[in-house]
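The values are calculated or read from the model by the stated rules, or taken from the named source; none is laboratory data. For clarity, every value in this text was computed on a predicted model and none was experimentally measured. Because the Cβ atoms are built from the backbone with ideal geometry, glycine has one as well, and the counts that use them run over all protein chains shown. Side chains are part of the model used for accessible areas, which takes the heavy atoms of the whole protein and leaves out ligands, DNA and RNA. Shrake-Rupley method; radii C 1.70, N 1.55, O 1.52, S 1.80 Å.
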Amino acid sequence: MAQFVQSCLGVSGSGHLTIGGVDVMDIAAGYGTPCYVMDEAVIRSRMRLYDKAFADFSPNGGGALFASKACCFKAMYRIAAEEGLFGADAVSPGELWTAKAAGFPMERIYFHGNNKTDADLRLALDLGVGTIVADSREELGALSAAAGEYRKKQHILLRITPGVDPHTHKKIITGSVDSKFGSPISTGAALDIVEYALSLPNIVLDGFHCHIGSQIFDASPFIDAADIMVRFIADVKEKTGYEASKLDLGGGFGVRYTSDDPEFDYRGGVRSLCDAVRERCSELGVAAPVLMLEPGRSIVADAGITLYTVGSVKEIPGFRTYVSIDGGMPDNPRYALYQSVYEIFKADDPLGEKTACVTLGGRCCESGDLIGENMPIQPVKRGDIIAVAVTGAYNYSMASNYNRIPRPPVVMVSGGKTYEAVRRESCDDLIRLDV
Ligand code: LLP
């Protein structure tokens, strides 16, 4: 439907918004609000699209590692495992634990993080994590020592900073030289850390990783990064004799949040990257590596919406109209953090004319607790359900209990039916750790 940027949204015979063919008014009535709702079919088809694109275009195989940080709970790993996804990127003990609990094959996990503690490294060794993406010399030393105690040779990638600025939101740029992540090529630190990794007894260096940023709509910075990384592979080969067999180019493909955002052709993006790597490798005389990307947002964002109930509508003449809902910054901090723009709908009349323009406020004791400002919507009143579109990525995973507000459930839609992937938090859940 042209009215919605999300392909999973539609309108029922009674004019209500649907997701995956299910009436969202029924979901709101059945599960309550606030409530995250996700369409499994979108997640599955995006995972397939990525792995198929790698199968079709990569000169030497590879695939997608789902970036868990975008949306992490057990059902996500079960879906990824069922789809046979190439792997998953995890960044914390909690993400590792969730993957393990869901039965995800731990040898297909890539464990990230710029400051893994000794306890994190031991947990990864205990759980049999396939690959650790090492970030610093300190981490390498600690990992080699710990792996020795486990009598293991741990496979790793090294996080390298290619120095590409993708011109996106400053807070989510990670690949430029001034970064807490990785080792920059331009300063010589990257080559040094490769030599150090190669000198360690209990580490097997498989290759390199980089991540240039997030919500990027242009394939060219990715191609620049790929180009720089292949040149680095060639340089390392020349200087040390070591030839990397894997190259992981991180996440970051953009997602349409509103109709003003451009479309990104994910299959085309993978193809351009694969082509660039193939060409550069043959030009520089290095073997084409197994190629990986770590898409998070582009797998889950447009699978999800969030449903809220309107509590009050407050018009301040000459200023604005505040619509207060039963959720807000704790379940979606992205407006407060990044001024992210969302489209919203009155759930039982999504095609009605949007004659109102509102500021959607949450219920925290904080005036910055907003989902958005200047948001066009159909006229609403207390008790109406509002759907916020494209909230499948970095909403549930960034949710907090600020103001001691319980987090919403995640309801999955699959084959015209719904199930709870994460149940609603209760006030008892909130006090369970208090002593
Ligand atoms: N790999 C690494 C190493 C990353 O740091 C990230 C995201 C990804 C993959 C996945 O990137 P994606 O495909 O989702 O763009 N909280 C922010 C996004 C932070 C992204 C951090 N790293 C937001 O809500 O927009």
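What the table shows:
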{"item": "Cα-based Rg of the chain normalised by 2.2 N^0.38 Å, two decimals", "result": "1.03"}
{"item": "Alpha carbon centroid spacing (whole Å) that separates the range 285-355 from the range 380-401", "result": "6 Å"}
{"item": "Anisotropy class of the range 370-435 from Cα gyration tensor, a/c 1.5 cut", "result": "oblate"}
{"item": "Tilt relative to the chain, helix 118-127 - C-alpha long axis, 0 to 90 degrees, to 10", "result": "90 degrees"}
{"item": "Cα centroid of the range 249-277 to Cα centroid of the range 1-56, whole Å", "result": "21 Å"}
{"item": "Apportionment of accessible area to carbon and sulfur, the range 112-295, percent (1.4 Å)", "result": "48 percent"}
{"item": "Per residue solvent-accessible surface (Å²) - the range 112-295, probe of 1.4 Å", "result": "41 Å²"}
{"item": "Peptide ranges 85-94, 355-364 listed from the most packed, as the mean C-beta count within 10 angstrom indicates", "result": "85-94, 355-364"}
{"item": "In sequence order, calculated HN-Hα J values of the range 342-355 (Karplus, 6.51, -1.76, 1.60; Hz; x Gly/Pro)", "result": "10, 9, 10, 9, 6, 5, 9, 7, x, 9, x, 5, 7, 8"}
{"item": "Under the Karplus curve 6.51 cos²θ - 1.76 cosθ + 1.60, θ = phi - 60°, whole-Hz ³J(HN,Hα) for the range 144-160, x wherever Gly or Pro sits", "result": "4, 5, 5, 4, x, 4, 7, 6, 10, 9, 8, 6, 9, 10, 9, 7, 10"}
{"item": "For the range 112-295, diffusion coefficient by Stokes-Einstein and Kirkwood Rh (Cα), 4 °C, 1.567 mPa s, µm²/s", "result": "77 µm²/s"}
{"item": "Estimated dipole of the chain in Debye, rounded to 20 [Cβ of Lys and Arg +1, of Asp and Glu -1, Cα centre]", "result": "540 debye"}
{"item": "Protection-proxy order for peptides 320-332, 289-301, 48-60, 125-137, each taking the mean of Cβ atoms within 10 Å per residue, highest first", "result": "289-301, 320-332, 125-137, 48-60"}
{"item": "The chain, helix-only ellipticity at 222 nm - DSSP H runs n ≥ 4, -39,500 (n - 2.57), divided by all residues, nearest 500", "result": "-9500 deg cm²/dmol"}
{"item": "Cβ crowding within 10 Å averaged over residues, with 158-166, 222-230, 114-122, 260-268 ranked highest first", "result": "158-166, 222-230, 114-122, 260-268"}
{"item": "Phi to ³J(HN,Hα) by Karplus 6.51 cos²θ - 1.76 cosθ + 1.60 over the range 237-246, Hz, x for Gly, Pro", "result": "4, 5, 7, 10, x, 8, 10, 5, 9, 9"}
{"item": "Ala347 long-range amide H proximity, modeled H, under 5 Å", "result": "Ile385, Ile386, Ala387"}
